[in-house]
Amino acid sequence: MRLSILPFLALSALPVFADQYSLTVDTCTGTCGASPFGVVEVVQNGANTVHVEISLTNVNLFILTGNRPTVGFNLVGNPTIAISNVTLGFSLVSTTAGALFMNGALGSFEYGLNCCEGKNGGANAQGGLEFDVTAPGLTPAAFAELSTGANTPSYFAVDIFNIGDTQNTGVVGAPGRTTGTPGVVPEPGSVILLSTTFVLCGYLLRRRGLGARLS
């Protein structure tokens, strides 16, 4: 018996696909400049866990202003959540769904994070955000729920500070969703996939040895 392990080795090269949301809605006072302002990528990262990465363009930073959260999002079914592997300086507002008001244009969101170690103002603004969200049965599709009470319903909202030409602050939103885009593979998923590949290879090699003895 002669079996090839190449098809199974190829599994380790399979891409992970993500949902992407583009931050294109500008509700900043006096505008925050050129759109899009950034991209939100949502990808499965093991059972019940979804990895979220928000990448702003290089002239924008996350900021905390007033009583609204820095980042707002929704989840279908309103589960109780936990977050882990969150970027330093960010914290979850609540593990349960609520009504977090961003502004009149983008409305309210169920979950949120604050940045900047809870400190207001441009002097404390920071860039880059990644975190894992865990809840029973959670998948990227759960994030596809729009805000409520909004003139422009959006899936995500982010409070930003434009450090480029406008020097303005305000909330930007993501009213659209793109599915099936190539995503960044979070490290735990890579390890699991590689381990599975090794197990399959070992199984096939044992089968091959058994076939040679029986032939």
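Quick notes
- Inside the range 53-92, residues that are surrounded by fewer than 16 Cβ atoms within 10 Å (Cβ to Cβ) and either assigned to a loop (DSSP other than H, G, I, E, B) or acidic (Asp, Glu) (or both) make up a count of 9.
- Pairs where the first residue, in the range 54-79, is of a type outside the set (S, T, N, Q) and the second is open to solvent by 60 Å² or more (accessible area, probe 1.4 Å) and not in a strand (DSSP E or B), C-beta under 7 Å, 6+ apart: Val59/Ile163; Leu61/Ile163; Leu64/Lys119; Leu64/Asn120; Pro69/Val93; Pro79/Pro136
- Scanning the range 110-143 for residues that are hydrophobic (A, V, I, L, M, F, W, C) and surrounded by fewer than 16 Cβ atoms within 10 Å (Cβ to Cβ) yields Ala123, Ala141.
- The set of residues in the range 98-119 that are free of Cβ contacts under 8 Å to residues at least 60 places away in the same chain, aliphatic (A, V, I, L, M) and more than 13 Å from Asn67 (Cβ to Cβ) contains only Leu113.
- Counting only residues that are touching a Leu at 6+ places or on another chain (Cβ under 8 Å) and more than 13 Å from Val133 (Cα to Cα), the range 94-116 holds 7 of them.
- Meeting the requirement of 2 or more residues that are over 30 Å from Asn48 (Cα atoms), the strands (runs of 3 or more DSSP E) wholly within the range 98-168 are 156-162.
- Scanning the range 64-81 for residues that are closer than 15 Å to Gly170 by Cβ, among the hydrophobic types (A, V, I, L, M, F, W, C) and in contact with a Phe, Trp or Tyr (Cβ under 8 Å, 6 or more places away or on another chain) yields a single hit, Val71.
- Among residues of the range 3-29, those that are open to solvent by less than 70 Å² (accessible area, probe 1.4 Å), modelled with pLDDT under 95 and part of a loop (DSSP other than H, G, I, E, B), counted: 4
The values are calculated or read from the model by the stated rules, or taken from the named source; none is laboratory data. Bear in mind that the values here come from a model prediction, so they are computed numbers and not experimental data. Backbone-built Cβ (ideal geometry, glycine too); neighbour counts: all protein chains shown. When the accessible area is computed, the model is the full protein with side chains, heavy atoms only, and any ligands, DNA or RNA have been set aside. Shrake-Rupley method; radii C 1.70, N 1.55, O 1.52, S 1.80 Å.
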